[in-house]
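**Student:** One structure, as structure tokens, below. Some questions next.
Only the coordinates and a few stated rules stand behind these numbers; no lab work does. Fair warning: this is a prediction, and the values are worked out from it, not measured in the lab. Here the Cβ is made from the backbone with ideal geometry for all residues, glycine too, and neighbour counts use every protein chain on show.
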Amino acid sequence: MSTTDAAIDKVAAGVPAIKAVEPTVPRTRWFQRLLRNRSVVIGAAVFLIFLLAAIFADQISTHNPRRLNPAERLKPPRAQNFLGTDEFGRDVYSLVVHGSRVSLLVGGVTMLITSFGGTLIGLVAGYYRRLDLVVMRFMDGLMAFPAIILAIAFMAARGPGVWNVILALSLVYMPRTALLVRSTVLSLRELDYVAAARALGRRDLALAVRHILPNCLAPLLVQGTFIFAYAVLAESILGFLGVGVPPYVPSWGNVIASGKNVIREAFWVSLFPGITLTVAGLSLNLLGDGLRDTLDPRLRGSVGTGTGR
């Protein structure tokens, strides 16, 4: 084999692609870069608290969140009820803790479905030009509707339920992930190392999985954190409007909605789950910003400041 052939084999094997996305420091220092980013550390720490609270909700809650106690309705925060009680006498603290299970479940599963489905659609649309026009016009049609309006329409057709909420939000946010992956594929499919691999007879599936998909993982990871935050917020909006999970299922949106009629007499019913929702969304956005600053080579020089700007 000549020197030229060997060079082509190296190009086809994706060596230049790996060097293009790898940092200049050794791979073992990737975790250290994350720890130096204050946004990643703060966002991950706060989100971990919410995740642990959801996992151990039965152990850390003080009351049964579904138990009605009319004699204790609208009690302010006190020793027996850390965050007070709602109009049915349910403990708000226990409702918020158990509500994190539903809200985080919806956000996590929605993120996984949109990431998998959006990646598949984006790869197909970006690699095959003939399918690009048809597939992406359908995605554009979905994105033409406001996200929450489209989710409400889907819930009106399917009815309330946790998995219906997940399907509705996945349908809403999948086009955004597909558009991101498609744009990345379009910028990679014409590069020299992909053309060389194609010239050597590599199949389309091998090209997409081995040479193109790895370069989409960094933006996908960042996009996933934002989709998680959007889904948690959207689930709360659907619950507040009464078209999300059933009212008897504790979720942050349902708890906030239950206090809207007594906001003057018992502001704490909506205040504390609202603060919890805000902090959870902020932690995920901080995590996403930090991951973007760490994984994007154009912003890597500012990682040490923790701001990325």
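**Student:** Determine ³J(HN,Hα), in whole Hz, for all residues of the stretch 256-263 in sequence, where each value follows from phi through the Karplus function 6.51 cos²θ - 1.76 cosθ + 1.60 and θ = phi - 60°; x replaces Gly and Pro.
**Tutor:** Once θ is set to phi - 60°, the couplings for the stretch 256-263 become 4, 5, 5, x, 5, 7, 10, 5 Hz.
**Student:** While we're looking at this one, here's another question. Can you bin every Cα-Cα distance in the stretch 61-186 into 5 Å intervals starting at zero and give me the percent of pairs per bin, rounded to whole numbers?
**Tutor:** 2, 11, 15, 14, 12, 11, 10, 7, 6, 5, 4, 2, 1, 0
**Student:** May I ask you to derive the FRET efficiency for residue 32 and residue 140 from their Cβ-Cβ distance with R0 = 30 Å, giving the value to the nearest 0.05? The partial results should precede the final answer.
**Tutor:** Numbers: r = 41 Å, r/R0 = 1.37.
Efficiency at R0 = 30 Å is approximately 0.15.
**Student:** For the modelled label position 7 Å from the Cα of residue 130 along Cα-to-Cβ, which residues of the stretch 206-240 have backbone nitrogen atoms closer than 19 Å?
**Tutor:** The answer is 206-208, whose backbone nitrogens lie closer than 19 Å to the label point.
**Student:** Whole percent per 10 Å bin, from 0 to the bin with the longest distance: what is P(r) over all C-alpha pairs of the stretch 3-305?
**Tutor:** Calculated over all Cα pairs of the stretch 3-305, the distribution is 6, 23, 26, 22, 13, 7, 3, 1, 0 percent.
**Student:** Quick one: net charge around residue 226, please, counting Lys, Arg +1 and Asp, Glu -1 for every other residue with C-beta under 12 Å from its C-beta.
**Tutor:** Result for the local shell: +1.
**Student:** Moving to a separate point now. Which percent of the Cα-Cα distances in the stretch 198-263 go past 18 Å?
**Tutor:** Here the tail beyond 18 Å accounts for 59 percent of pairs.
**Student:** Could you give each residue of the stretch 81-93 its phi-based ³J(HN,Hα) in whole Hz, using Karplus coefficients 6.51, -1.76, 1.60 with θ = phi - 60°, and x for Gly or Pro?
**Tutor:** Once θ is set to phi - 60°, the couplings for the stretch 81-93 become 9, 4, 10, x, 10, 9, 5, 9, x, 7, 6, 5, 4 Hz.
**Student:** I need the peptides 174-180, 269-275 ranked by packing, meaning the mean over residues of other C-beta atoms within 10 angstrom, with the highest value on top.
**Tutor:** Going from most to least packed, we get 174-180, 269-275.
**Student:** What number in nm² do you get for the stretch 90-129 if you take the convex hull of its Cα atoms and divide its surface by four?
**Tutor:** Mean projected area for the stretch 90-129: 3.0 nm², to one decimal.
**Student:** Another question about this same structure. Given H placed 1.01 Å from N in the peptide plane, which residues other than close sequence neighbours of residue 85 have an amide H under 5 Å from its amide H?
**Tutor:** 74, 75, 92
**Student:** Which far-off residues, 5 or more places away or on another chain, put their amide H under 5 Å from the one on residue 244, with H placed in the peptide plane?
**Tutor:** So residue 244 has HN proximity to 239.
**Student:** Apply the Karplus parameterisation 6.51 cos²θ - 1.76 cosθ + 1.60, with θ equal to phi minus 60°, to every residue of the stretch 160-171 and state each ³J(HN,Hα) to the nearest whole Hz, in sequence, with x for glycine and proline.
**Tutor:** x, x, 5, 6, 5, 4, 4, 5, 5, 6, 5, 4
**Student:** As an exercise, take the mean of 1/r over every pair of distinct alpha carbons in the stretch 155-206, invert it, and state the Kirkwood radius in angstroms.
**Tutor:** Every distinct Cα pair counted, the radius reaches 14.0 Å.
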